[in-house]
Amino acid sequence: MVHFRTDIGATNESATQNSENYAKELETDVLIVGAGFGGIYLMHKLRQQGFKCKIFEAGADIGGIWHWNCYPGARVDSQVPIYEYSLPEIWKDWTWSCRYPGTEELQKYFEHVEKKLDIKKDCAFNTRVIGAQYDKPSSQWLVRTEDGRTGKAKYLLLALGFAAKRHFPDWPGMDKFKGEIHHSSFWPASGVPVKGKRVAVIGTGSTGIQIAQETAKEAATVTNFVRTPNLCLPMQQKLLTKEEQDKRKQGEYQEIFTNRLNTFAGFQYDFVEKDTFDDSPEDREAFYKKLFEAGGFEFWLANYRDVLKNSEANRAAYDFWAKVTRKRISDPEKREILAPLEPAHAFGTKRPSLEQNYYEMLDRPENKVVDVKKTPIKEFTEKGIITSDGKLHEFDVIALATGFDSVTGGIKNMGLKDVDGVELAEKWKKGTYSYLGVSLSGFPNCFFLYGAQGPTAFSNGPTCVEVQGDWIVDAIVKLRNEGINYCDATHEAEKEWREKVIELSDETLFPQTKSWYMGDNIPGKVREQLNFAGGFPLYSKLLRSALDDGFRGFITA
């Protein structure tokens, strides 16, 4: 049967001792939901401005996704120092071990963040929000928790992360399986022994790639169930020394944090200012090779500027990817599933995963790859999984890397209601509407980050969090300074923003591909672009102009 990880008891003594956080009726200036990168940043910045803030966090510790991500091989796909706070008080005396740290190191990083910012004293852990509505008579948000407590605040800030709601496919018989079965986001913190066992990994998102790659080191056999191959890119992981990081901190770090705001996706690199066919075939080949050798997302986000907009340019990039990747797979059947000559979709229109030895691991004779487009999963049994060809695949451990109701799932499923009592999930049934990717019409004094119609999934997380977080803090300070008590986005502004998001997306190849970017991974979900595809410079300009123009697009009172 499917096992769920439960979090019991906050890990921080001072947090548990601060009974105010767990009061039956908590009252504060600002209530933040979520204690990951976004919630912590908002808390820190608002405290500096004199606001009293509290955080409601469903988990037992700070860190957001890095509190929950305990599955084998979990590792960040943005290299440091891009993937960290730009706050000097944090980075100046923190040292990383490698370019792409894993869960354990990220959790230590958040321990360091806690030492510097003292966040936990204002957190209520194991506190899941199940309802929230703005009360006009009291001019406060009333927030209900699963265990019957209430939070009251002038401002409600949602820092849920874009992957806050797990997706469980409804295959028959999942409860019959006698071995261990876990969703990647509920992986036991203590781990699952796989040495000498038969392991199934269902899914090929970043999580599926990481689990398959890691468990293959010890398992007797790993079977990866593949619907669509992940067009993985080489991570090119490297160890980092304290000396080289200290040297870079002398001036380069601040430059990196400033420059990441000026790139399309908030990384330290950007698309080059020329098109694919401006170069000769020889120069193009050399350029692609250089990007591959640099590793990370450079082949995706530092490529030619037309790679995500022009089909022929995209195909040229795909053909290079396939040529290089196919050389790493000796098994012809596996090669055709994992790196087909004909692309399953345009390169980069599904998020590539960064791998270290995924192809070599699955190429081993003891490991298997099942193409579930040809032979879909039919049902689970006590012993394992039966595919549509009638074959029983026997397993001891099954990893469900089946993803999330991404970008909108978390905010739609927390009981959030507008001023008239209509649930957001109901309002968004026929499509997603937000203003600027930070606010919702009918939800006054409520702001969110790293969610719907922001740069979210097309961005480096910490960059997005800081750009949107700074705007939210500046907006709240401006409201206070100007004596404005009520700030609500208009539906007209939402409609215009939605049109802008769709217009920018339609200039790219993203809408041509079925992906979670477009809501395609969840049955019944409206198909639409959920992210702002115009890049950070344009996004920041639009965001700032609304504030500088006296809350343009908002009703204030």
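Kindly establish whether Glu57 is in contact with a strand residue (DSSP E or B) (Cβ under 9 Å, 6 or more places away or on another chain), within 18 Å of Glu111 (Cβ to Cβ) and either at pLDDT 95 or above or among the hydroxyl-bearing types (Ser, Thr, Tyr) (or both).
Numbers: in contact with a strand residue (DSSP E or B) (Cβ under 9 Å, 6 or more places away or on another chain): yes; within 18 Å of Glu111 (Cβ to Cβ): yes; either at pLDDT 95 or above or among the hydroxyl-bearing types (Ser, Thr, Tyr) (or both): yes.
So Glu57 fits the description; yes.
State the number of residues belonging to the stretch 327-357 that are of a type outside the set (Lys, Arg), in a helix (DSSP H, G or I) and touching a strand residue (DSSP E or B) at 6+ places or on another chain (Cβ under 6 Å). Before you say what the answer is, go through the steps one by one.
To start, the set of residues in the stretch 327-357 that are of a type outside the set (Lys, Arg) comprises 329-333, 336-349, 352-357.
Adding the requirement that they be in a helix (DSSP H, G or I) leaves 332-333, 336-338.
Add one more test, that the residue is touching a strand residue (DSSP E or B) at 6+ places or on another chain (Cβ under 6 Å), and what stays is 337.
Adding up the residues that qualify gives 1.
Name every residue in the stretch 142-155 that is part of a strand (DSSP E or B) and in contact (Cβ under 8 Å) with a residue 40 or more places away in the chain, in order of residue number.
Kept after step one, since they are part of a strand (DSSP E or B), are these residues of the stretch 142-155: 142-145, 150-155.
Of everything in the stretch 142-155, those that are part of a strand (DSSP E or B) and in contact (Cβ under 8 Å) with a residue 40 or more places away in the chain turn out to be Val143, Arg144, Thr145, Thr150, Gly151, Lys152, Ala153, Lys154, Tyr155.
Looking at Val76, Val80, Val30, which one is more than 22 Å from Arg351 (Cβ to Cβ) and either of a type in the set (A, V, I, L, M) or surrounded by fewer than 24 Cβ atoms within 10 Å (Cβ to Cβ) (or both)?
Val30
List the pairs whose first member sits in the stretch 34-48 and is under 18 Å from Gly410 (Cβ atoms), whose second member is of a type in the set (D, E, K, R) and part of a helix (DSSP H, G or I), and whose Cβ atoms are under 9 Å apart, counting only residues at least 6 apart or on separate chains?
Ala35/Lys120; Phe37/Glu466; Ile40/Glu114; Tyr41/Glu466; Tyr41/Asp470
In the stretch 358-455, which strands (runs of 3 or more DSSP E) lie fully inside it and hold 3 or more residues that are in contact (Cβ under 8 Å) with a residue 60 or more places away in the chain and more than 18 Å from Tyr517 (Cβ to Cβ)?
Working: elements: 368-371, 377-380, 384-387, 392-394, 397-400, 446-448.
Answer list for the stretch 358-455: 368-371, 377-380, 397-400, 446-448.
Within the stretch 12-28, identify whether any single residue is of a type in the set (A, V, I, L, M), modelled with pLDDT of 50 or more and closer than 23 Å to Asn481 by Cα, and answer yes or no.
So the first thing to find is which residues in the stretch 12-28 are of a type in the set (A, V, I, L, M), and the list is 15, 23, 26.
From what is left, the residues that are modelled with pLDDT of 50 or more are 23, 26.
If we keep only those that are closer than 23 Å to Asn481 by Cα too, we end up with none.
No; the residues of the stretch 12-28 include none that is of a type in the set (A, V, I, L, M), modelled with pLDDT of 50 or more and closer than 23 Å to Asn481 by Cα.
For a quick check of your reading of the model, give me the residue pairs whose first member lies in the stretch 323-342 and is within 18 Å of Ile209 (Cα to Cα) and in contact (Cβ under 8 Å) with a residue 24 or more places away in the chain, whose second is surrounded by 13 or more Cβ atoms within 10 Å (Cβ to Cβ) and among the hydroxyl-bearing types (Ser, Thr, Tyr), with beta-carbon atoms closer than 6 Å and at least 6 apart or on different chains.
So the pair list comes out as Arg328/Tyr359; Ile329/Tyr359; Ala339/Thr325.
Can you tell me which residue among Phe287, Phe297, Phe271 is touching a residue at least 60 places away in the same chain (Cβ under 8 Å) and hydrophobic (A, V, I, L, M, F, W, C)? Steps first, answer last, please.
Numbers: Phe287 fails: touching a residue at least 60 places away in the same chain (Cβ under 8 Å); Phe271 fails: touching a residue at least 60 places away in the same chain (Cβ under 8 Å).
Phe297 is the lone residue from the list that is touching a residue at least 60 places away in the same chain (Cβ under 8 Å) and hydrophobic (A, V, I, L, M, F, W, C).
Considering only residues that are over 15 Å from Thr402 (Cα atoms) and part of a helix (DSSP H, G or I), which ones fall in the stretch 195-225?
Once the filter is applied, which keeps residues that are over 15 Å from Thr402 (Cα atoms) and part of a helix (DSSP H, G or I), the stretch 195-225 yields Gln213, Glu214, Thr215.
Provide a single number: the residues in the stretch 166-181 that are charged (D, E, K, R) and either buried (at least 20 other Cβ atoms within 10 Å of the Cβ) or not in a loop (DSSP other than H, G, I, E, B) (or both). Spell out how you get there, then give the answer.
Here is the first cut: in the stretch 166-181, the residues charged (D, E, K, R) are 166, 170, 175-176, 178, 180.
Now restrict to residues that are either buried (at least 20 other Cβ atoms within 10 Å of the Cβ) or not in a loop (DSSP other than H, G, I, E, B) (or both): 166, 175-176, 180.
Total satisfying the criteria: 4.
So that you can scan it fast, the table gives a plain yes or no per residue for (1) over 21 Å from the mean Cα position of the chain (by Cα); (2) at pLDDT 95 or above; (3) surrounded by 15 or more Cβ atoms within 10 Å (Cβ to Cβ); (4) of a type in the set (D, E, K, R):
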| position | (1), (2), (3), (4) |
| --- | --- |
| Trp497 | yes, yes, yes, no |
| Trp516 | no, no, yes, no |
| Phe536 | no, yes, yes, no |
| Lys541 | yes, yes, no, yes |
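Could you check, for the stretch 462-478, whether at least one of its residues is aromatic (Phe, Trp, Tyr) and either buried (at least 24 other Cβ atoms within 10 Å of the Cβ) or touching a helix residue (DSSP H, G or I) at 6+ places or on another chain (Cβ under 6 Å) (or both)? Before you say what the answer is, go through the steps one by one.
Here is the first cut: in the stretch 462-478, the ones aromatic (Phe, Trp, Tyr) are 471.
Okay, now just the ones that are also either buried (at least 24 other Cβ atoms within 10 Å of the Cβ) or touching a helix residue (DSSP H, G or I) at 6+ places or on another chain (Cβ under 6 Å) (or both), so 471.
Among the residues of the stretch 462-478, at least one is aromatic (Phe, Trp, Tyr) and either buried (at least 24 other Cβ atoms within 10 Å of the Cβ) or touching a helix residue (DSSP H, G or I) at 6+ places or on another chain (Cβ under 6 Å) (or both), which makes the answer yes.
Please go through the stretch 109-138 and pick out each residue that is touching a Pro at 6+ places or on another chain (Cβ under 9 Å) and over 21 Å from Lys24 (Cβ atoms).
First, the residues of the stretch 109-138 that are touching a Pro at 6+ places or on another chain (Cβ under 9 Å): 109, 134, 136.
Once the filter is applied, which keeps residues that are touching a Pro at 6+ places or on another chain (Cβ under 9 Å) and over 21 Å from Lys24 (Cβ atoms), the stretch 109-138 yields Tyr109, Lys136.
Sort through Ile484, Ile398 and tell me the only one that's of a type in the set (A, V, I, L, M, F, W, C) and within 30 Å of Leu106 (Cα to Cα).
Numbers: Ile484 fails: within 30 Å of Leu106 (Cα to Cα).
Being of a type in the set (A, V, I, L, M, F, W, C) and within 30 Å of Leu106 (Cα to Cα) holds for just one of Ile484, Ile398, which is Ile398.
Does the stretch 332-341 contain any residue that is at negative phi and within 26 Å of the chain's Cα centre (by Cα)?
Applying the first criterion (at negative phi) to the stretch 332-341 yields 332-341.
Adding the requirement that they be within 26 Å of the chain's Cα centre (by Cα) leaves 338-339.
Looking for residues that are at negative phi and within 26 Å of the chain's Cα centre (by Cα), one finds at least one in the stretch 332-341, hence yes.
The values are calculated or read from the model by the stated rules, or taken from the named source; none is laboratory data. These figures come from a predicted structure and were not determined experimentally. Backbone-built Cβ (ideal geometry, glycine too); neighbour counts: all protein chains shown.
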